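Structure first, then comments.
The values are calculated or read from the model by the stated rules, or taken from the named source; none is laboratory data. These figures come from a predicted structure and were not determined experimentally. Glycine also receives a Cβ, built like all others from the backbone with ideal geometry; neighbour counts cover every protein chain displayed.
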Amino acid sequence: MFDNLSDKISSIFSKLRNSGVLKEADVDTALREIRIALLEADVSLDVARKFIGEIREKAVGQEVIRSVSPAQMVIKIVNDHLVELLGTSSQHKNNAHKILLVGLQGAGKTTTAAKLANMCSKQNKKIVMASTDIYRPAAIEQLRVLTKKIENATFIEESEEMSCDEIVSVALSEYKTQNADMLIVDTAGRLHVDEMKMDEIRDIAKQLQPDEIFLVVDIMTGQDAINIAKKFSEALSLTGVILTRVDGDARGGVALSMKALTGCDIRYLCVGETINDLEEFDANRIASRMLGMGDIVALVEKAQQNFSQEEAMETARKMQEGNITLDDYAKQMEKMSNFGGLSGLLKMLPNSKQLEEAVKTQGMSDKTIAHNIAIIRSMTKKERKNYKIINGHRRKRIAEGSGTTIQDVNKLLKQFEGTVTIMKKLKNFRGLKNLFGAMK
């Protein structure tokens, strides 16, 4: 999300960096380009116009703080307004006990229900799951299967022959019987112009009395998502919005327009297809990503999810001793995939665009990493433990087994050998020793 907008804004700011003072003409030119970038990113015209007007008012004639460049001052002003436009920044406490998910068909409500349950399960909460989607074939079975993948979550005994009010009644009973922390109820997709279906969702909400009603919106819907949110907010007391398929849309204008035009806070972002791919929405962090300043907090959170302290300490010890093996190398590359691949990892770092370009010049990509993992997995245990025994005959066998070429195998081994050499050189540096000492 926001890839196109982030690229264009970064390019605009780079033009300002050579300015000694903030001239009105320079600011006007930059803001005109930002306005065009916002509109191309699918931001509402009214929102874009107001956004640019407020920024211009603050940017023109702004005194530049000593040691801070004019471009940095403009970035600060734009960042502050982006945060304000995006809305509340992760200040909601997830103390909800009963959650109802609503939205159009195909928006991703069922998988979102599983993602929410999975997130809450990691907080040691006990969850009861239910689906009132009695219309879509196998919708109930889909949520039942997904629930089995989640610890501390149970799916109620229900069938497609039951009515919605019967399902809600069973769900409430099970929720109380199990003394669960949360009840998450999925609903059938419905058009906001279908009054019969909207009456049904009102009845479900009245019976359930949820603490949270989340509207699940596919960000690929574009500007129509705003109209959908408005109609659902008129029918129900929405408490927030969850945007899905965020990883598949490079524009992201819906997120910028949602809060301003509907008054609904964006609460979560679905950033992938697995049940782990759910992030709490934070305006400050999203604004930082948009302006190319990275998101170190998200990077740390993902690291905590994917690396245990024991694993980190063991890896650190091997690095310090220069004893890492090809198995260790493959494990680190596999872990990287949980960050959204190499591109996903780089996007969380400041100056990500420059980093991506630098990585490309080295011939590295997610595809290369996948090939490298396949190459290592085609080796024997002895070869993975001691790469020096891999001769020409072995390289040919490994290449054939991994579906790659001998040149690919040679390149991987050269990269790995370079990594081992660097680790052995660094282990004698006092700074590195102090670092590992602090980690211990």
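For every residue, the table says whether it meets (1) surrounded by 14 or more Cβ atoms within 10 Å (Cβ to Cβ); (2) modelled with pLDDT of 80 or more; (3) farther than 29 Å from V271 by Cα; (4) within 32 Å of the chain's Cα centre (by Cα).
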position	(1), (2), (3), (4)
L5	yes, no, no, yes
S14	no, no, no, yes
R32	no, yes, yes, yes
L39	yes, yes, no, yes
D42	yes, no, no, yes
I52	yes, yes, no, yes
I55	yes, yes, yes, yes
A59	yes, no, yes, yes
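For the range 136-152, the condition holds for no residue, the condition being that it is farther than 22 Å from T244 by Cα and at pLDDT below 90. Looking across the range 148-188 at every residue that is part of a loop (DSSP other than H, G, I, E, B), closer than 22 Å to C120 by Cα and acidic (D, E), the one that is farthest from the chain's Cα centre (by Cα) is identified as E157. Of the residues making up the range 97-131, those that are in a helix (DSSP H, G or I) and not small (G, A, S) are K109, T110, T111, T112, K115, L116, N118, M119, C120.
Beta carbons closer than 6 Å, at least 6 apart along the sequence or on distinct chains, pair a first residue in the range 198-226 that is free of Cβ contacts under 8 Å to residues at least 40 places away in the same chain with a second that is buried (at least 18 other Cβ atoms within 10 Å of the Cβ) and in a strand (DSSP E or B) for A225/V217. Is it the case that some residue within the range 338-348 is modelled with pLDDT under 90, assigned to a helix (DSSP H, G or I) and on the phi > 0 side of the Ramachandran plot? Scanning the range 338-348 turns up at least one residue that is modelled with pLDDT under 90, assigned to a helix (DSSP H, G or I) and on the phi > 0 side of the Ramachandran plot. Residues of the range 227-242 that are more than 20 Å from E279 (Cβ to Cβ), touching a residue at least 40 places away in the same chain (Cβ under 8 Å) and either part of a strand (DSSP E or B) or not aliphatic (A, V, I, L, M) (or both): F232 alone.
For the range 170-181, the criterion of being within 22 Å of L104 (Cα to Cα), modelled with pLDDT of 90 or more and of a type in the set (A, V, I, L, M, F, W, C) is satisfied by no residue at all. Is it true that some residue in the range 236-247 is crowded, with 18+ Cβ neighbours inside 10 Å, on the phi < 0 side of the Ramachandran plot and basic (K, R)? Checked against the condition, which is being crowded, with 18+ Cβ neighbours inside 10 Å, on the phi < 0 side of the Ramachandran plot and basic (K, R), the range 236-247 yields no hits at all. Of everything in the range 162-181, what is hydrophobic (A, V, I, L, M, F, W, C), free of Cβ contacts under 8 Å to residues at least 40 places away in the same chain and surrounded by fewer than 19 Cβ atoms within 10 Å (Cβ to Cβ)? Give them in sequence order. Answer for the range 162-181, where residues must be hydrophobic (A, V, I, L, M, F, W, C), free of Cβ contacts under 8 Å to residues at least 40 places away in the same chain and surrounded by fewer than 19 Cβ atoms within 10 Å (Cβ to Cβ): just M162. Close Cβ contacts (under 9 Å, 6 or more residues apart or on different chains) running from residues in the range 111-135 that are on the phi > 0 side of the Ramachandran plot to residues that are surrounded by fewer than 23 Cβ atoms within 10 Å (Cβ to Cβ) comprise N124/N152; N124/D181. Here is the figure for the range 190-217: residues that are part of a loop (DSSP other than H, G, I, E, B) and either closer than 21 Å to V170 by Cβ or not acidic (D, E) (or both) total 7. Restricting attention to the range 215-234, the residues being buried (at least 19 other Cβ atoms within 10 Å of the Cβ) and either of a type in the set (D, E, K, R) or touching a Phe, Trp or Tyr at 6+ places or on another chain (Cβ under 8 Å) (or both) number 2.
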